[in-house]
1. Hey, HIS186 hits all of (1) within 16 Å of ligand 1 (Cβ to nearest atom); (2) open to solvent by 20 Å² or more (accessible area, probe 1.4 Å); (3) under 25 Å from ASP23 (Cβ atoms) but one; which does it fall short on?
2. So ARG382 passes all but one of these: (1) touching a residue at least 60 places away in the same chain (Cβ under 8 Å); (2) more than 16 Å from ligand 1 (Cβ to nearest atom); (3) in a loop (DSSP other than H, G, I, E, B); (4) within 25 Å of GLU287 (Cβ to Cβ). Which condition number does it fail?
3. Of these, THR124, THR68, which one is open to solvent by less than 60 Å² (accessible area, probe 1.4 Å), within 16 Å of ligand 1 (Cβ to nearest atom), polar (S, T, N, Q) and closer than 26 Å to THR151 by Cα?
4. Which fully enclosed helices (runs of 4 or more DSSP H) of the stretch 172-281 have 1 or more residues being more than 21 Å from the chain's Cα centre (by Cα) and within 22 Å of VAL106 (Cα to Cα)?
5. Of the residues THR180, THR151, THR158, THR140, only one is closer than 28 Å to TRP85 by Cα and open to solvent by less than 10 Å² (accessible area, probe 1.4 Å); which?
6. Filter the stretch 345-357 for residues that are open to solvent by 10 Å² or more (accessible area, probe 1.4 Å) and either among the hydrophobic types (A, V, I, L, M, F, W, C) or within 14 Å of ligand 1 (Cβ to nearest atom) (or both); which is farthest from ILE309 (Cα to Cα)?
7. Can you tell me which of VAL376, VAL354 is of a type in the set (Val, Ile, Thr), in the same structural domain as LEU314 (by TED's automatic domain parsing), closer than 24 Å to ASP278 by Cα and touching a strand residue (DSSP E or B) at 6+ places or on another chain (Cβ under 9 Å)?
8. Name the single residue that is surrounded by the fewest Cβ atoms within 10 Å (Cβ to Cβ) among those in the stretch 290-323 being more than 16 Å from ligand 2 (Cβ to nearest atom) and among the polar types (S, T, N, Q).
Amino acid sequence: MGMTMSEKILARVSGQSKVSAGDIVWVKVDIAMMHDLLGPWLVDAGFRRLGGQLFDKDKVVVVSDHCTPPATVQQADILKFTRDWARNQDLTYYYEFEGPCHQVIVEHGHVRPGRLILGTDSHTCMAGGLGAFATGIGSTEMIGVLLTGETWLKVPETIKVVWEGKIPHGVYAKDLILETIKDIGHAGATYQSIEFSGEAIKDLSIDERLVLSNMAVEAGAKTGLIEPDEKVANYLRSKGVDEELDLIRSDENASFSRVLYKDASILEPQVACPHEVDNVHSVSLVEGKPVDQVYLGSCTNGRISDLRIAAEILKGKKISKNIRCLVVPASQQIWLQANKEGILDILTEAGCIVNMPSCGACGGFTSGVIGAGEVVMSSSNRNFRGRMGSPKGEVYLGSPATVAATAIEGKITDPRKYLSMEVR
Ligand SMILES: CC(C)[C@H](C(=O)O)[C@@H](O)C(=O)O
Ligand code: SF4
């Protein structure tokens with residue numbers, strides 16, 4: 001019996017030639033990632049009590065993103081603690097105010113095919129889009145990792161999701177993953193890997209692959225992997241990674257707990273309705289629902305290709321007078337690129353507010369929270385009750401195109417009528 005991608009990676013990091021789903025393995029971590037909110041200020045006491053020596057200061061990456069810019073004194077204190085901790089530990093890699101951690105670690109080349117990446121955030125699984133086994137762990141578990149560089153994991157079973165066919169005009173990776181989560185259910189992949197494959201996945205850009213992996217956890221998955229290929233290699237080369245890459249893939253005879261076949265060519269834009277990510281419907285069923293805010297951003301869908309789509313839709317138009325539209329590029333690098341391409345001008349002229357890269361509005365942490373009774377159409381990954389502020393608010397999730405079209409009309413809108421056929 002062959003091995004899945006997850007099994008191969010966990011075999012390598014546990015120093016074995018073969019592991020199988022269900023095995024408990026002791027693993028060496030390639031990258032340990034923490035962010036400000038679930039990082040140093042929570043782990044420090046336990047870490048010091050147990051010796052306070054980092055296993056490797058080059059492999060611990062800290063990103064301040066959730067409390068940036070701080071909206072309360074407590075957030076400012078957390079931020080200061082995080083910065084001081086990174087300095088005192090002499091960390092090689094500390095990033096702040098650059099954007100959400102998952103995007104920042106990808107852009108800085110920390111994510112590579114075949115690596116094991118553990119982070120104190122549930123969307124750490126996004127790194128699977130480049131072929132890394134990446135998953136979220138709790139801050140307490142992280143203390144052991146910081147001290148030893150090791151931990152235990154159960155080798156997960158893998159659900160293979162095969163997306164065949166050409167993705168139609170106006171349909172994006174976000175629509176594919178919402179449809180996948182609808183099928184699997186929000187807990188249907190608990191403690192399993194999801195491996196995305198098929199023609200439609202191969203056709204996706206790196207930006208779009210990251211959307212799929214980012215949201216694997218919304219089906220309960222431990223990680224969401226995509227077989228790395230030349231696109232990944234080129235992307236990493238462009239980020240200055242010159243080492244030989246392990247372009248890992250599942251064996252033909254690997255064993256999967258389930259295989260799901262999906263046809264991308266018949267998919268329509270999808271929307272996740274309050275208050276669960278698997279409450280997914282075709283946009284036509286929810287069209288016309290008035291909104292108060294639209295949010296284009298987050299580690300899920302705030303990348304340059306997302307901003308380009310929004311600019312294509314909003315160019316020369318105005319957003320509805322009844323709403324506010326927040327645009328948050330997912331990193332400083334994306335901000336700069338969008339600025340160079342004139343995208344920020346287009347969006348601002350349309351009436352959007354462009355905020356600095358941060359988790360702020362996405363998780364209701366800093367700027368952009370919603371009040372009771374307010375409705376948001378968001379390009380992010382979660383619509384749980386209270387996600388963006390008031391528990392009496394409502395969050396709908398869709399692709400950047402659906403978000404931009406909704407901004408124009410002030411109500412949930414099918415983006416296809418605003419797109420030229422060349423866009424995809
Ligand atoms: C703050 C943290 C608990 C959280 C996560 O782990 O995912 C956040 O980033 C989110 O997206 O909800
Ligand atoms: S999902 Fe939102 S809050 Fe969580 S890391 Fe991404 S941008 Fe930040």
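1. For HIS186, the failing item is (3).
2. (2)
3. Residue meeting the stated conditions: THR124.
4. Hits in the stretch 172-281: 230-238.
5. From the options THR180, THR151, THR158, THR140, the qualifying one is THR151.
6. Result: MET356.
7. VAL376
8. ASN322
The values are calculated or read from the model by the stated rules, or taken from the named source; none is laboratory data. Treat the numbers as computed from the prediction; the structure is a model and nothing was measured. Because the Cβ atoms are built from the backbone with ideal geometry, glycine has one as well, and the counts that use them run over all protein chains shown. Please note that ligands, DNA and RNA were not included when accessible areas were found on the heavy atoms of the full protein model with its side chains. Shrake-Rupley method; radii C 1.70, N 1.55, O 1.52, S 1.80 Å.
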